[in-house]
Amino acid sequence: MKKQNKSTHIEFDGEKIHVSPNLVLVFHFLSQIEQEVTSILEINSKLFEINRGYSDLLKIIKDLVIRLEKYEPEIKKEKFKIPSGNSLNVIAEKFTQQPMIRSQMIVLMSSLEVLFALDIAYKNKTSNEKTIQKYMMNYEKAIAFLNSYVFNKKNVHFKFKEEKLSKIKSQDFRKLRNSLVHFFSLPDNFIVNFTESEEEENINNMLASKGESGALFLSVRDLEKLVKHAHLLRVSEWIDDFRKDKKQFKADILNVKKIIEERGAKLMELNKFTGK
């Protein structure tokens, strides 16, 4: 009987991570989540480009109509009308969306929660769903996770913007997460935006002049990079653990693999699923 391959080999050559077939599932799972999150974060910019394209096209068509009328007086504007509801300016307006800052932050926090669950499975040597959920509900463990992977100098983006991001403590971030997820709202002292605003200092100066405490600022882009580097930090620690004790690493990482196999959503094409 052929022996089942239980290899959990990981190698890092300085540029790429090479993993065994048994671990491909873990990295593929995290990669799919990252791709989906990125698509959601980029939707506004894509809609903006479509809006701008239609608006530019509308200007060109209007200019052509004016030129045609000048040289062909018998041509009337009515001939260039597009059926009601489908005019280019209406189409352009349909691609103008309200900012989805809160929704985008919730998506990023969900991605971070996935990493938290995998971290619990690995460190506590368990793949039991109820046990993992119990640990995730524990406030101290949640704060310890954030301190280890997000608000930590080992997180490349946190270190890069430490002067600003160090003002946010893990406890503050947990309050923000709870407010967004459970009430689609923000704690009193938080201000969020899609990108970093030049008005942050002015806002805090205004609050100080009124005797109020300063606000905490967090942009979607900063959170995106914090989450990304939290994932990279966790992976780098897996690599270090493998190098230190291959046998123990193998036993622990298989718990991570197991919960992904049992609980991870699988993407599939409906026509292949239904056979049509």
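No value in this document is a laboratory result; all are computed from the given coordinates. Computed from a predicted model, the values in this text were never measured in an experiment. Backbone-built Cβ (ideal geometry, glycine too); neighbour counts: all protein chains shown.
From the cross-link list K153/K258; K125/K225; K164/K228; K161/K228; K123/K154, which pairs have alpha carbons spaced over 23 Å apart?
Long pairs (Cα-Cα over 23 Å): K153/K258; K125/K225.
Between R263 and I60, how high is the FRET efficiency from 1/(1 + (r/R0)^6) when r is the Cβ-Cβ distance and R₀ = 45 Å? Nearest 0.05.
0.30
What's the extension gain from N152 to D245 if we count 0.36 nm per residue and subtract their Cα-Cα distance?
31.0 nm
How large is the dipole of the stretch 99-274 about the Cα centre if only Lys and Arg carry +1 and Asp and Glu carry -1, each at its Cβ, rounded to the nearest 20 debye?
With Lys and Arg at +1 and Asp and Glu at -1, about 920 debye.
Could you put D119, D240 in order, starting from the residue whose Cβ has the fewest other Cβ atoms within 10 Å?
Fewest to most other Cβ atoms nearby, the residues stand as D240, D119.
Take the Cβ-Cβ distance between L232 and N128 as r, set R0 to 30 Å, and report the resulting FRET efficiency rounded to the nearest 0.05.
0.65
How much length would be gained if the chain were fully extended between E199 and R174, taking 0.36 nm per residue of separation minus their Cα-Cα distance, in nm to one decimal? Before the final figure, lay out the partial values.
On the way: separation 25, 0.36 × 25 = 9.00 nm, distance 2.48 nm.
That works out to 6.5 nm of additional length.
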